[in-house]
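Note sheet for the following structure.
The values are calculated or read from the model by the stated rules, or taken from the named source; none is laboratory data. Predicted model only: the values in this text are computed from it and were never measured. So basically every Cβ, Gly included, is an ideal-geometry build from the backbone, and we count neighbours across all protein chains shown.
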Amino acid sequence: MNAVLVGRNFAPEAERDGYVTRWAAKTFESRLGCVVRRLADHAYLAGDRFTAADISVSYALLLGLRSGNYMPGSTERAYLGRMRTRPAYLRAMETCQAN
C-alpha cells in the first residue's frame, strides 16, 4: 500500500497511474484476496492467535483506507474492528503515530 499511496498521491500528476503504481495496486489486491480468504474462517491471520502479522496487515489496510486508496469489505471491516479491541494493537498504533 505504501507504493500505491506514494504513486497516487505524491507523484507528479502525469505519473500517478504509472507502471509501478498499477503493479503495486494489483499486488495489494492479490495479497488482499489471501487475507480475506484466511479471515473468512479465522479471527486472526494465525488462526485464533493475535500476532505481529495482524499489526502489519491491519496497518496496511488502514493506510489504504485513510488515504482513499482502498475501501474495505465486510470481512476487513470486522477484522479492523477486532484489532481495535486489542491492547497490543492500540499500543503499536500509538507508537507508529508518535514517530
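Selection over the range 44-62 of residues that are buried (at least 16 other Cβ atoms within 10 Å of the Cβ) and not in a loop (DSSP other than H, G, I, E, B) gives a count of 9. Residue check: ASP41 meets all listed conditions (1) loosely packed, with under 11 Cβ neighbours inside 10 Å; (2) part of a helix (DSSP H, G or I); (3) modelled with pLDDT of 90 or more; (4) of a type in the set (Asp, Glu) but one, namely (2).
For ARG22, indicate whether it is touching a residue at least 60 places away in the same chain (Cβ under 8 Å) and either farther than 16 Å from GLY81 by Cα or assigned to a loop (DSSP other than H, G, I, E, B) (or both). Taking the combined requirement at face value, the residue does not satisfy it. Of all residues in the range 66-77, those being of a type outside the set (Ser, Thr, Tyr), closer than 20 Å to LEU45 by Cα and free of Cβ contacts under 8 Å to residues at least 12 places away in the same chain number 3. Is it the case, given these coordinates, that VAL6 is assigned to a helix (DSSP H, G or I), among the aliphatic types (A, V, I, L, M), surrounded by 13 or more Cβ atoms within 10 Å (Cβ to Cβ) and at pLDDT 95 or above? So VAL6 does not fit the description; no.
Within the range 34-52, residues that are closer than 10 Å to TYR79 by Cβ reach partners that are of a type in the set (Asp, Glu) with beta carbons closer than 9 Å, at six or more positions or on different chains, in the pairs VAL35/GLU76; VAL36/GLU76; LEU39/GLU76; HIS42/ASP48; TYR44/ASP54; LEU45/ASP54.
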